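This report refers to the structure that appears directly beneath it.
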Amino acid sequence: MGSFPLLLYLWPSFLGGDTEFTILSGKSMLPTIPSGSLAITKKAFDYEVGEIVAFVQKEGGFTKVVVHRIIEKVENGFIIKGDNNPVNDPGIIPPEKIIGKVIFVTPYLGYLALFLKNPLVLTLSVVAIGTIMTPNKKEKQKRKENNHSMFLPAVVIMLVNYILLQLAISMSIMPKDDFYTTLLFSIFEPYVASTLSFATWFLAILGIHLLGRQGTGAENKNPQNVQSNATTTIKKESLSMKTMAQIFLMLLIMMKITYVVAMLVELVPKLS
């Protein structure tokens, strides 16, 4: 109940409130606000010089939301400029075009929001969650033995790798990654290439995971009191299939951790 007043205060405009949530891109507000930040703005009765505001700007037939600082108050509105821009924004911005004043900024959280808004990534994430959360009876028993413990870490490291790729691209850093991902970067636009790479690797992880589950199912189908050579062979094949799945996922995790660390080494100095 203690969070209810805060919820009302931050009630979004699309539900009748006066709060907007804006994802920033670009370098116009550096070093004050980095690209990829999530800015929270609220409507105000008046705006003063020095305040950072979000306003609507038309450019080439398109309408976009810009977050810049008021540097001068004039009769018909405001003169606004990005902290990192050499010139002012064109024209005078009238009060009715201002969405609100920035009250809070969370650096880089916008990348996570953009990541979750990507339809392909969202669909694959739902599939992963569904795969993890819907085991059959035999798999519930096998989970106690932790047969597929590498699946979730593999998905998590792929998500981290994807988010860092998006961040590196936005900062004009050519990311270093596996051969397949590098090949995609040479063919497609960077954001498209990174999404295709994530989708492909995710499907590979999911396929290996399901293959290991089939091996587990094949082993469980054999009656416990049947001691035949055929049964022993199937059990060995099932064990081999599970082992191969675990080895593949472990190697993939180690490989992706290497690239994640390499990207962090390049990103951290630029973010600090």
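Could you give the size of the charge dipole of the stretch 4-109 about its Cα centre, using +1 on the Cβ of each K and R and -1 on the Cβ of each D and E, expressed in debye and rounded to the nearest 20?
Details: 10 positive and 11 negative charges, 49 e Å.
Result for the stretch 4-109 is approximately 240 debye, rounded to the nearest 20.
Taking the Cβ of each residue in Leu267, Leu167 as the centre, tally the other Cβ atoms inside 10 Å and list the residues starting with the fewest. Intermediate results must be reported in sequence, preceding the final value.
Working: Leu267 16, Leu167 21.
Ascending number of Cβ neighbours within 10 Å: Leu267, Leu167.
What's the exposure ranking of Ser37, Ser13, Ser194, going from fewest to most Cβ atoms within 10 Å? Kindly include the intermediate steps, with their values, before the conclusion.
Working: Ser37 21, Ser13 15, Ser194 24.
Final ranking by Cβ density, sparse to dense: Ser13, Ser37, Ser194.
Please report, for the Cα atoms of the stretch 4-109, the Rg to one decimal and the Dmax as a whole number; what are they, in angstrom?
Both quantities, over Cα of the stretch 4-109: 13.6, 43 Å.
For Thr32, what is the net charge nearby, where nearby means another residue's Cβ is under 15 Å from its Cβ and Lys, Arg count +1, Asp, Glu -1?
Working: positive: Lys27, Arg69, Lys81, Lys101; negative: Glu51, Asp83.
Counting the neighbours of Thr32, the net charge comes to +2.
Which order results if Tyr108, Tyr180 are arranged by neighbouring Cβ count within 10 Å, fewest first? Each step should come with its number before you reach the end.
Numbers: Tyr108 15, Tyr180 12.
So the residues, fewest neighbours to most, are Tyr180, Tyr108.
No value in this document is a laboratory result; all are computed from the given coordinates. Remember, it's a predicted structure, so these values are computed and weren't measured experimentally. Backbone-built Cβ (ideal geometry, glycine too); neighbour counts: all protein chains shown.
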